[in-house]
Amino acid sequence: MKSNKKAIWGWALYDWANSAFATTVMAGFFPIFFKAYWSVGTNVNVSTARLGLANSAASLLVALMAPILGAIADQGGTRKKFLILFAYLGILMTAALFWVQRGQWAWAAVIYITGSIGFAGANVFYDALLPAIADGKNLDRISSLGYSLGYLGGGLLFSANVLMTTMPHWFGFSNSGDAVRFSFLTVAVWWSAFTFFTIFWVPTDKKKNRASSKREVLFSGWEQLVATFHNTRQLKTVILFLLAYWFYIDGVDTIIRMAVDFGLSLGFESNDLIKALLIVQFIGFPSALAFGFLGDRWGTRKAIFLALGGYIFITAWGVQMTRKEEFYLLAAMIGLVQGGIQALSRSYYAHLIPKEKSAQFFGFYNLIGKFSAILGPILIGTTGLVVRHFLLPATPTATQLEHTARLASRWSMGAVVLLFVIGGALFFLIDEKKAPLTNHLQ
């Protein structure tokens with residue numbers, strides 16, 4: 001069936017819409033504002049723990065909910081409805097952050113957790129709609145179109161919000177804090193407005209069952225999830241990909257976190273880190289598109305291997321990084337491959353799974369994504385401790401302590417290469433002939 005262009009643009013523009021939350025709220029202002037405004041007067045370690053618990057709680061709840069929600073959506077043919085429901089939950093919570101007052105860290109955490117559930121929950125069904133609106137041969141390009149619009153849209157609004165906070169008087173604000181609070185409202189409006197394209201342009205799912213009540217749909221969805229889990233165990237290709245994806249996407253997430261940590265160790269200010277984030281956003285826009293065309297012309301597998309090779313190079317080069325200029329260059333290089341590996345991983349997975357059960361299978365996919373960045377931190381911490389143990393003298397001087405700390409940090413970063421190597425090796429073992437849609441794989 002020929003892909004509907006309006007449906008494709010309606011689907012892709014949702015990434016443009018919700019990426020404002022990912023950039024301005026999650027990556028940009030919320031972590032800084034949580035510490036400086038909502039947790040004002042609190043010990044820095046305590047505020048960090050609160051923020052970490054908020055992020056962990058949101059990720060865990062979404063990870064546990066994703067497979068069963070996907071099963072219900074597939075059983076009832078309600079993927080689009082669930083997307084809209086979760087999206088507007090996230091939108092309302094984002095707007096609510098504007099009214100959280102100074103020192104009210106608990107309210108900020110609860111609202112942020114709920115908003116994150118809305119954001120991530122909607123993404124489960126957004127991903128699951130991909131096979132429904134795209135032909136198999138166009139999956140790579142359409143998946144990449146979504147990611148590229150997300151990078152561009154999120155970057156544009158984030159740029160405007162950064163300008164508001166750095167020049168608050170230009171926009172009628174008395175201080176930067178008021179500008180940051182107002183930026184949460186701009187995200188909610190942006191997210192809500194552009195979601196209308198998804199609502200009106202993406203076709204509504206056809207009902208798949210005859211369940212007459214929500215209770216019947218719930219139980220049918222649960223039964224379908226159990227059946228799908230048993231089927232998944234028989235689909236070795238899907239399991240092998242998810243295992244490979246877990247390793248290398250863990251490396252991707254860890255590299256992002258390490259780059260920020262390295263920037264701080266080099267004396268970067270928060271404005272410097274925001275600039276680096278903007279670099280990733282705007283370079284990610286054309287590079288995600290480029291990877292989509294590369295996957296279509298050269299082959300999805302080869303393009304993913306190219307991105308993995310790029311990350312191995314970034315990791316190895318980052319170990320040697322010493323100057324601020326190199327940090328900006330590192331951000332640019334991450335932007336080149338980050339969108340590509342995300343988009344092609346999604347489209348490649350869409351090739352492997354049964355189309356009629358896409359929401360369920362993408363529930364497992366997003367579960368793996370939410371449990372990413374687990375192996376990386378453990379690997380980093382263990383490597384640092386081992387290096388410190390073997391290299392640090394029994395009675396070290398201050399100079400030796402500083403030198404050993406820097407060396408341990410660099411070895412820890414280098415150890416992340418293992419995640420890309422293991423993920424790449426597992427990905428290499430995938431036998432595409434056993435996939436349901438092998439005729440579309442390259």
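The values are calculated or read from the model by the stated rules, or taken from the named source; none is laboratory data. Model, not experiment: these values are computed from the prediction. Here Cβ is always computed from backbone atoms with ideal geometry, including for glycine, and neighbour counts include all displayed protein chains. Side chains are part of the model used for accessible areas, which takes the heavy atoms of the whole protein and leaves out ligands, DNA and RNA. Shrake-Rupley method; radii C 1.70, N 1.55, O 1.52, S 1.80 Å.
A few points about this structure:
- Region 91-147, residues that are of a type in the set (S, T, N, Q) and closer than 19 Å to Ile68 by Cβ: Thr114, Ser116, Asn123
- Single condition Trp191 does not satisfy, out of (1) in contact with a Leu (Cβ under 8 Å, 6 or more places away or on another chain); (2) open to solvent by less than 20 Å² (accessible area, probe 1.4 Å); (3) among the hydrophobic types (A, V, I, L, M, F, W, C); (4) within 13 Å of Phe21 (Cα to Cα): (1)
- Leu336 falls short of the stated requirement of being touching a residue at least 40 places away in the same chain (Cβ under 8 Å), within 19 Å of the chain's Cα centre (by Cα), open to solvent by 10 Å² or more (accessible area, probe 1.4 Å) and farther than 25 Å from Ile274 by Cα.
- Against the criterion of being among the acidic types (Asp, Glu), open to solvent by 20 Å² or more (accessible area, probe 1.4 Å), over 18 Å from the mean Cα position of the chain (by Cα) and at pLDDT 90 or above, Asp205 does not qualify.
- Unmet criterion (only one of (1) on the phi > 0 side of the Ramachandran plot; (2) at pLDDT 75 or above) for Phe182: (1)
- Of the helices (runs of 4 or more DSSP H) lying entirely inside region 52-169, those carrying at least 2 residues that are open to solvent by 20 Å² or more (accessible area, probe 1.4 Å) and under 25 Å from Lys275 (Cβ atoms) are 139-166.
- Hits in region 281-307 (condition: under 19 Å from Met26 (Cβ atoms) and open to solvent by less than 20 Å² (accessible area, probe 1.4 Å)): Gln281, Gly284, Ala288
- Within region 408-442, the set of residues being open to solvent by 30 Å² or more (accessible area, probe 1.4 Å), modelled with pLDDT under 70 and either in a loop (DSSP other than H, G, I, E, B) or out of contact with any Lys or Arg (no Cβ under 8 Å at 6 or more places or on another chain) (or both) comprises Ser409, Arg410, Lys433, Pro436, Leu437, Thr438, Asn439, Gln442.
- Unmet criterion (only one of (1) open to solvent by less than 20 Å² (accessible area, probe 1.4 Å); (2) of a type in the set (S, T, N, Q); (3) more than 25 Å from Ala244 (Cα to Cα)) for Gln320: (1)
- Residue in region 339-348 that is farther than 19 Å from Val416 by Cβ, modelled with pLDDT of 85 or more and part of a loop (DSSP other than H, G, I, E, B) present: no
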